[in-house]
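Worksheet for the structure shown next.
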Amino acid sequence: MRKVYLDHAATTPVHPEVIAAMLPYFHNYFGNPSSVHSFGRDSRKAVDEAREKVAKAIGADPREVFFTSGGTESDNIAIQGVALARKQNGRHIITSKIEHHATLDTCHFLESQGYEVTYLPVDENGLVRVTDFEAALRPDTILASIMHANNEMGAIQPIKEMAAIARAKKVTFHTDAVQTVGSIPVDVKELGVDMLSLSAHKFYGPKGIGVLYIKKGTRVKPLYHGGSQERKYRPGTENHVGIVGLAKALELATESLKSRQAHIQVLRDKLIAGLVALPEVELNGHPTQRLPGNVNVSVRYVEGESLILSLDMQGVAVSSGSACTSGSLEPSHVLLAMGLTHEQAHGSLRLTLGIDNTQEDVDYVLSVMPGIVERLRQMSPLYNKR
Ligand SMILES: *Cc1c(COP(=O)(O)O)cnc(C)c1O
């Protein structure tokens, strides 16, 4: 059976060149980067070079790049770290209703610790309104965290505009750019953000390694205590194998950004066109201001979970909502925030394309979809009652 992977927003396979770059560091260059001897120095050199590559790719200074265990940890260090460092200035934080749970749950935790959080709504296309952001700022606002692009429906947020407003009010601005780095151009200076999270496994690097960019001068209190690795923001022996892999993956992504983007976007538009041509299937998220590989549709009268299972039986891997919320029967908080009904949100499907997908993959999905939708609808009480 044909196998088609369309869940690249959840994770991506490690690129063969990334694997090749990592391999020597498991065995030949295994030293602890903190060791003084030649084994240690080899590993330290690899970490330093990786930091320089990452800095170059995102327009930062190497001293502003901190390696973490991934997107979730970067978001936590950023949000909790600023909340702790700036609590004398106030205890108000601004975020949005469509953030990844790494951000939302961190904000919920801070609410339990006496902070106040404003969760901004989004419009029907899934975009935060800059005017809402501006109106939410208060004298006691210390931090804003708005994601660069959404992992479920792909809408790319007006980060540059919001970061500029935050800067004028001396509010620290963090963005979760886990979905955009490696996928569209991301430059921290261009965006004007103080902090930015990224994660290697979303751009053909290994899992369990990420970066938090912290602009020089930003006040952040470390959450962990131990060694002085990553200038105390992330103590513990560096995952130097992962760090080498992340830097290589980011280098490859940056070099081929345009061609990857063009390839994936053509497939995306073909997939969207084919899906919305089916009766009562609608696109979710902004029609153009969206990630190159993101397709999110609501299929009326059908449960997203049933669609996933039926497609899986045909060898097609997709998801509904995010990897983190599927499995729970709650409809997507993102789609509900966009004003979709529970029924529409339950009937949603996310298909995210990657560099290895082909026209034939898309043709195959579009060939099996009508039969699956028709069969599930025939079994649906909602469909038969309509
Ligand atoms: C995947 C993802 C995360 C979590 O990253 P991990 O490296 O898996 O912890 C955070 N935010 C967004 C937007 C993501 O897509």
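The values are calculated or read from the model by the stated rules, or taken from the named source; none is laboratory data. Values in this document were obtained by computation on a predicted structure and should not be read as measured data. Counting neighbours? That spans all protein chains shown, and the Cβs are built from the backbone with ideal geometry, glycine included. Quick note on the areas: whole protein, heavy atoms, side chains included, nothing else; ligands and nucleic acids left out. Shrake-Rupley method; radii C 1.70, N 1.55, O 1.52, S 1.80 Å.
Looking only at residues in region 143-163 that are in contact with a Phe, Trp or Tyr (Cβ under 9 Å, 6 or more places away or on another chain) and more than 19 Å from L336 (Cβ to Cβ), the one that is farthest from the ligand (Cβ to nearest atom) is E161.
Of the listed requirements (1) outside the structural domain of L376 (by TED's automatic domain parsing); (2) open to solvent by 60 Å² or more (accessible area, probe 1.4 Å); (3) in a helix (DSSP H, G or I), H263 misses just one: (1). Residues of region 9-43 that are in contact with a helix residue (DSSP H, G or I) (Cβ under 8 Å, 6 or more places away or on another chain) and closer than 18 Å to G293 by Cβ: A9, T11, T12, V14, H15.
If you go through region 121-142 and keep only what is within 16 Å of the ligand (Cβ to nearest atom) and either in contact (Cβ under 8 Å) with a residue 60 or more places away in the chain or more than 19 Å from L196 (Cα to Cα) (or both), you end up with V122, G126, L127. Looking across region 197-254, the residues that are part of a loop (DSSP other than H, G, I, E, B), of a type in the set (S, T, N, Q) and either farther than 30 Å from L84 by Cα or away from the ligand (no atom under 16 Å from the Cβ) (or both) come down to T218, S228, T237. If a residue must be touching a residue at least 40 places away in the same chain (Cβ under 8 Å), of a type in the set (D, E) and surrounded by 24 or more Cβ atoms within 10 Å (Cβ to Cβ), how many such residues does region 193-244 contain? Final tally of qualifying residues: 0. Taking each residue of region 170-190 that is free of Cβ contacts under 8 Å to residues at least 12 places away in the same chain and looking for partners that are among the aromatic types (F, W, Y) and in a strand (DSSP E or B) with beta-carbon atoms closer than 6 Å, six or more apart or interchain, yields nothing. Taken together, the residues in region 336-371 that are open to solvent by less than 10 Å² (accessible area, probe 1.4 Å), assigned to a helix (DSSP H, G or I) and touching a residue at least 60 places away in the same chain (Cβ under 8 Å) amount to 3.
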